[in-house]
Every structure is written in structure tokens, then in C-alpha cells.
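Novice: The structure that follows is given in the form of C-alpha cells.
The values are calculated or read from the model by the stated rules, or taken from the named source; none is laboratory data. Keep in mind that this is a model prediction, so the values were computed, not measured. Please note: Cβ atoms are built from the backbone with ideal geometry, for glycine as well, and neighbour counts cover all protein chains shown. Side chains are part of the model used for accessible areas, which takes the heavy atoms of the whole protein and leaves out ligands, DNA and RNA. Shrake-Rupley method; radii C 1.70, N 1.55, O 1.52, S 1.80 Å.
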Amino acid sequence: MKSIERLKSQPLTWIILVALALMLTLSFASPYFMTLGNMTNLMKQVSIVAILAAGQGIVIISGGIDLSVGSVLALSAVTIGWLIEAGVPSGLATIGGLAVGTLAGWINGMVITRGRIPPFIATLGMLGIARGVALVITNGVSYQVLDPLFLFIGNSKLAGLPIPLFFVIGVYAVICVMMHLTVLGRHVYAIGGDERVARLEGIPVDRQKVKIYMLCGFLSGVAAVVLVGRLAATPPSVAEGIELQAIAAVIIGGVSFAGGRGIVATALVGALIMAMITNGLNILGISSFYQQVLIGMVIIAAVWLDNLKSRSG
Amino acid sequence: MTEIIPLVEMHHISKHFGGLQALTDVHLDLYPGEVLGVLGHNGAGKSTLIKILAGAEMPNEGSIFVNGHEAHIGNPNDARDLGIETIYQELALCGNLSAPANLFMGRELQKWGFLRKRAMRDEADKALSRLNIRIKSLDAEVQSMSGGQRQSISIARAVHFDTKILIMDEPTAALGMEESKKVMDLIVELKKRGLGIIWISHDIHEVYNFTDRIAILNGGRNVITAGTREFSQDEIVSMIISGKAIERDAGGVAQ
């Protein structure tokens, strides 16, 4: 009985149940939903938002927000394309892309902690800056990336599963360990719970925050690697507005927007739920206009349910 | 009198926030095994003074000596390394974390950056039971506990790490009578162990019965520092309000 009680109090349990219910409903509604082809497609679709949502989840649990993930993703992607175009080996180009993402995150962190600029404003600034720099570098043109490494990432399968899925699994495995087993993870929760207390108790809040935003920037770079693989190109205007999807995935997952509460892994399920809604309604032939309405309602419902739960608990 | 080295000496401490002068040339000393009451009404500078000692604020001028050695306290960790712990007026716990997580906050037991959760849990369990503190679950969020339980966790945390100097800012303000008494008993015990305790309170009755010496501040300046029983409660109150020291010629020590 006690283990059932524990299971019930786990936020992950609830969100997985919701996702399963949705999956079941859609597979009854359309015979095409549960096919291997569609599932593979779904996994690919969800991978980029899911990776971004992992970084976003950490930032939101720490009490912040990062609006720049989409633009930083584009900048990282463009960097990769630009380096490959210049004849740099794909491995080094990948490292370059990841480094640029991490650097953007570092700048976010420094502006927030040293400049005392609220995260919303600082990362809103970076949203514009990173996108602008991506456009400047490329002069608005998309590079083609026909490198074997990226073709492999975008199109190959391992054990029957698309490669981007392994990126997602890898990212979430590392982040779960980081959040729940390491000192940094504990500090993320403490800072999100009460930043003033964390500071008084000697947590190096500013240093840890810089790390958090760097990690989020790095994950935007990882998402860029997957994106470049999938598109085989680096359009500088790619992934506009994707930051809102990442935030929505985190919120649908049940992470408290106030910080300090929630599990990053639920963001993965949140991203899946959104992708299933889009994918399922596409299969059912329902207009994409309705999809936006539905996802909007799901976001509000998720927070409303969460409020109900915390009030009754 | 034999020379006892004070645990803490603060000399010529001044602090201003922009144009606001919070402290002017303030002195404070604290000896082992005593409770020093710091008194003054709101805005007298008590909180600023102890925040400086705790490393939460930096003074603009002045020096601090701990055990006779000059100390530079730039942040809360510096203060902790010197054995200075603070219990704040507002319960300084993260409500979303468990008791062990709060107890070890900022100095988590770790190995290569990984938390040693079991070790922290066991040690927290021991620390709490040593002080006769009972909480329903070590895994429960601190937010779900009563004010007294949370204050107990704060105290357990403060005295757990080889503490020499304990600063208590209105430690009983949020507590009921019963819980306050428990805290007081705890303090008597800590005093016996030779800790120096700085006790900040508005409750003049509590201060009178409980402290060995008092330091009164007014408008960010020292009014008087003297043995508590050299004055009556009424005299102490009048010094807090007027900001003027009452001269003692006979019997007591002239200040």
C-alpha cells in the first residue's frame, strides 16, 4: 500500500498515465496512429523540442526562464553549417556548434547574475541577438549540410530506432542523474525553492545559475546537431517560436513555474503529449488551427490540475 | 580579572546603504559561554550588525576579530568557516526540501560532486535526535511542518557544524510558549558547551531573564554595553527609546 501511495505522489506517474490515455485514445481513433512508421516519425518530431525542454526544465526549476533557446539553436546550427562550408571536419564543426550554444548560455547567466537583469529580459535580449547574429553570419542564406555524420544522425536507425531518439534518451539520462544525485541538482532545487535562503546558507547562487544557463545553452547546441541532421541544411530562421513549445512541454509535464518543484523527466512526457496531439489530429485530418487551440487548452488544464492537486495535498 | 580572549570583537563598524547611514562606529564583543542580548527598536541597526558578522553584508568601515585574530568575512561561508552560525528571524529553510537537505544546504556531503544522500540522512537523524527534536519524516518537505519543528531544524543545522558563535535573530518570534521554552532549554545547553550566543529580541522580559549582558543600539550607534542585571527592565526600555545611557556611579560599572 505504501508503495502505491508513493507512486501516486510521484508527478511522473500522473503525467505518464495521461500520455498513455492519449495514446490509447488516438490508436482507437485511427488505425494509422500506432504504426511503426508513424511512431518513428513522432519520435523524430518530438526529439528537438524534448531536448530543449530538458534545459528549459532545469532553468524553470531554478526559478528562471530561458526564452533564447530557439535562437541559440539556430545560431548553433548556422555555426555548424558555416564551419562545414569552410571545410572544417564535421566532428570539429559539431564541437564548434556546441561551444557557441554554451557560450550564449554563459552570456545569459552572466547578464542575469552580474548585471542583475531578470531572466525574462536577459534571455529575451538573447533571443534577438542570437537570431540576428545567425542571420548576419549567413547573410540570410541556408547552408546545405551533406556531411555523412549529419546524414547518419538525421536518417539512420540503430536497433530499429531513429538516432535522434538516442540523443533524447542520453540527454534525459544525464540530466536526471544531474538533478537528483549531484550537488548541482540539489542547488537547482534550493535556488528555485528560496533563492534568498540558498544565498544565506552559503550556496554560490550566482555561480550555479551561470552553470544552469550554460547547460541550457549547451542543450540548445545538442538540439541543433539533431536539427542539422534532420534538415541536412541550416536555415538561419529555423525553429522560430520553438522556445514556447519547450516551455509548454515543461509546464504540461507539471513543473511548477514558481520554481523549486517538479521533475525534468516530466518535460519529456509533456513534449510527447504535445507531439501526439499534433500528430494525432493530423492523421485524423483535423485542421492545424484547432491543434493550436487544443494545445493552448492543455497547457492551462495542466496547471489547473496541478493547482488542484497541491491544494488538496 | 584574568584575560579571556573574546570570541568576537567588532570595532568601529560603519555601514551605509546609499545615503542611509545604518551603523556608525559600532562596537560589540562576545565571550565564550555567555548570552549577549542586542537590543534596539526597528531600524536601530541590530539586523545590519549581525548580518555583517554573518557575512551577509560587508561593512564600509571597521574590523572584526574572531578569537583574537582579525577576520575578513566576505560571505556566509567565510563566517561559517570561523564557526559563526546564524538563525534568522524569518525561518531560513527551503520549504521545498527535506530536513536533511536543509541541514546540509550549502555544504552537502559529496563525493566527486555526487550527493552522499544516505550519509546525510543518517547524520541528520542523529543530529535531530541528539537535540530531542522529533519530526514525522526525514523525507517530508519542510514546508509541511510546524513553525516549532522548522525552527528546531534551523537550530540543529546551526549547531551541527562545530559552531562557536551562534547568532539568533528573534528566534522565538514565530513560536508558541511551549516551543519557545524548548528553544531556551536548548540555548542553556549550548551555553554550557561554551558557545557564545548573540540574542536579538524585542521581548524585553525574555532578554532580561535570559541574557548575561546587553548591548543597546539606537540610530545605528552604541548606547551602552553592560551586565543585564545592572539595570532594571524599565531602565533598559528607557535607554532603548531615548538612546541615552543611564550613568551608574555606585554599585554598577560607569559607562
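Novice: In peptide A:254-266, what is the residue-averaged number of other protein chain Cβ atoms found within 10 Å of each Cβ? Kindly include the intermediate steps, with their values, before the conclusion.
Specialist: Numbers: counts 0, 0, 1, 0, 1, 1, 6, 3, 1, 0, 0, 0, 0.
Partner-chain Cβ atoms within 10 Å, mean over residues of A:254-266: 1.
Novice: In whole Å, largest first, what are the principal axis extents of the Cα atoms in the stretch A:111-238?
Specialist: Sorted largest first, the three principal extents are 53, 40, 15 Å.
Novice: Per residue of B:110-122, what is the mean number of Cβ atoms on other protein chains within 10 angstrom of that residue's Cβ?
Specialist: Details: counts 3, 1, 2, 6, 7, 7, 1, 3, 0, 0, 1, 0, 0.
So the per-residue partner count for this stretch is 2.
Novice: Still on this structure, I have one more. Straight-line reach from B:Lys51: which lysines have Cα under 16 Å away, leaving out those fewer than 8 places along the same chain?
Specialist: Counting by Cα, and skipping residues close in sequence, B:Lys51 has these lysines nearby: B:Lys15.
Novice: Okay, next question. If you place +1 on the Cβ of every Lys and Arg, -1 on the Cβ of every Asp and Glu, and leave all else neutral, what size is the dipole of the stretch A:13-312 about its Cα centre, to the nearest 20 Debye?
Specialist: 440 debye
Novice: Round to a whole angstrom and tell me the spacing of the C-alpha centers of the stretch B:1-63 and the stretch B:126-196.
Specialist: Cα centroid to Cα centroid, the span is 24 Å.
Novice: Near the amide H of B:Ile224, under 5 Å away, which other amide H atoms are found, from residues 5 or more places off or on another chain, if H is placed in the peptide plane?
Specialist: B:Ile216
Novice: Next up: What would the Debye equation give as log₁₀ I(q)/I(0) for the stretch A:137-192 at q = 0.19 Å⁻¹, counting only Cα atoms as equal point scatterers?
Specialist: The calculated log intensity ratios at q = 0.19 Å⁻¹ are -0.76.
Novice: Sticking with this one: Dipole of chain B (Lys/Arg Cβ +1, Asp/Glu Cβ -1, origin at the Cα centre): which of B:Phe65, B:Gln233, B:Ser129 lies farthest to the positive side?
Specialist: B:Ser129
Novice: Holding the Cα-Cα limit at 22 Å, pick out from A:Lys209/B:Lys46; A:Lys211/B:Lys126; A:Lys211/B:Lys111; A:Lys211/B:Lys164; B:Lys164/B:Lys191 the pairs that are longer than that.
Specialist: In this structure, A:Lys209/B:Lys46; A:Lys211/B:Lys126; A:Lys211/B:Lys164 exceed 22 Å between Cα atoms.
Novice: Hey, another quick one. With a 1.4 Å probe and all protein chains left in place, how much of the accessible area of chain B comes from carbon and sulfur atoms, in whole percent?
Specialist: 50 percent
Novice: Quick check for me: using +1 on Lys/Arg Cβ and -1 on Asp/Glu Cβ, what's the dipole size of the protein assembly as shown about its Cα centre, in debye to the nearest 20? List each step's numbers first, then the result.
Specialist: Working: 45 positive and 44 negative charges, 379 e Å.
Taking the Cα centre of the protein assembly as shown as origin, the dipole is about 1820 debye.
Novice: Arrange the peptides B:34-40, B:206-212 so that the one whose residues have, on average, the most other Cβ atoms within 10 Å appears first.
Specialist: Ranking the peptides B:34-40, B:206-212 by packing returns B:34-40, B:206-212.
Novice: Got a number for carbon plus sulfur as a percent of the stretch A:13-312's accessible area, 1.4 Å probe? Before the final figure, lay out the partial values.
Specialist: Values: 8990 of 12520 Å².
After summing per-atom areas, the C and S share lands at 72 percent.
Novice: Would you mind pulling out the separation of the Cα centroids of the stretch A:95-127 and the stretch A:15-32, in Å?
Specialist: Using only Cα atoms, the two centres lie 38 Å from each other.
Novice: Taking only the C-alpha atoms, wrap a convex hull around the stretch A:13-312 and report its volume per residue in Å³ as a whole number.
Specialist: 136 Å³
Novice: In percent, what relative contact order does the stretch B:57-168 have, based on Cα pairs under 8 Å that are 6 or more apart in sequence?
Specialist: Relative contact order for the stretch B:57-168 comes out at 37 percent.
Novice: Here is a follow-up. Quick one, can you get me the convex hull of the C-alpha atoms of the stretch B:1-97 expressed as volume per residue in Å³?
Specialist: 135 Å³
Novice: Students often forget the sequence filter, so: which aspartates and glutamates lie under 17 Å Cα-Cα from A:Lys44 once same-chain residues fewer than 8 apart are removed?
Specialist: none
Novice: Now for a different question. Below 14 Å, Cα to Cα, which aspartates and glutamates can B:Lys182 reach? Residues fewer than 8 away in the same chain don't count.
Specialist: Reachable aspartates and glutamates: B:Glu206.
Novice: Report, as an integer, the average count of C-beta atoms from other chains found within 10 Å of each Cβ along A:185-194.
Specialist: Mean shielding by partner chains, rounded to a whole number: 5.
Novice: Please tell me the relative contact order of chain A in percent, rounded to the nearest whole number, where contacts are Cα pairs under 8 Å and at least six residues apart.
Specialist: Relative contact order comes out at 33 percent.
Novice: Give me the Debye-computed log₁₀ of I(q)/I(0) at q = 0.12, 0.13 Å⁻¹ for the protein assembly as shown, equal point scatterers on Cα only, no solvent, two decimals.
Specialist: Listed by q, the Debye log ratios stand at -1.11, -1.23.
Novice: Solvent-accessible area per residue for the stretch A:13-312 at a 1.4 Å probe radius, Å²? Don't jump to the answer; show the numbers that get you there.
Specialist: Numbers: 12520 Å² over 300 residues.
Per residue, the stretch A:13-312 has 42 Å² of solvent-accessible surface.
Novice: Tell me the Rg and the Dmax, in Å, that the Cα atoms of chain B produce.
Specialist: 18.8, 64
Novice: How much accessible area is lost when chains A and B come together, counting both sides, with a 1.4 Å probe, in Å² rounded to the nearest 100?
Specialist: Working: alone 14870 and 13000 Å², together 25930 Å².
In total, this chain pair buries about 1900 Å².
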